[in-house]
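We did not get these values from a lab; they are worked out from the coordinates using the rules stated. Since the structure is predicted, the reported quantities are computational estimates derived from the model, not experimental observations. Here the Cβ positions follow ideal geometry from the backbone for every residue, glycine too, while neighbour counts run over all protein chains shown.
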Amino acid sequence: MSPNPEIMTAFNPDSRSTTQVSKEDFVAYLAADSYKNGTDTTEISAEKNWDHQSIVGLVKSLQGNGAIDCEQTSYTSWKLLPEAEQILSLGSTECRLCAYMEKTGGEVSREALTEALGAEVTGSGFKNAMKSQWIVQNKESKLFSLVAGAKHSVDTVKEELTQVSAGTLKDAKKYADLKKRKLIKVRRTPRSRGIGETKQGIDSKNGDTNHESGTEQ
């Protein structure tokens, strides 16, 4: 099952480093034979590794001058939220919690874990580790221990977020789960598509509209 078809997972402006494009370079690109009439700003950005929003700005400017014609629309993509960025760097809270418990060994109180790891880690870490059945509480001592054979060393959440960032995650349920956990959200970004020259065309030297000269009758 694929994600919502309206959401572009393959084009993620945060997944790569891009460069700003000058008006002169962009106009030269449009004037080149390799340019495909009717293309999309996301396609140009991916092809040339240019910053997408700077391309959209240039397209709007040229459209305003009457040099090109296109449709101004938008696309939606997934954006990683701050906790997700932290997970990419440090790992999920549940895996960090279990790794610490494995290192210390034996049973441990939640208070001791909070003191060692901080409330932020133990808060969501406990909830998700219990949900995954990685840890168990001794009903008599009220202490926690790891469940034998629990696969807490495999950080699935981090792996899925890495795929979201790269635009390669295809499972709609996984997107829904990550969104429910408030690790990702849908972002709407301006986009231009169907770009083509008008009859006036483009002056490749300065990016202005080509105006034909005429005489009064």
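A few remarks follow.
- The listed peptides 137-146, 80-89, ordered by packing as a protection proxy, come out as 80-89, 137-146 (highest mean of other Cβ atoms within 10 Å first).
- Most tightly packed first, judged by the mean number of other beta-carbon atoms within 10 Å of their residues, the peptides 95-101, 50-56, 176-182 read 95-101, 50-56, 176-182.
- Subtracting the Cα-Cα distance of Glu102 and Ser17 from their residue separation scaled by 0.36 nm leaves 26.8 nm.
- Compactness of segment 24-103, taken as the C-alpha radius of gyration over 2.2 N^0.38 Å, stands at 1.79.
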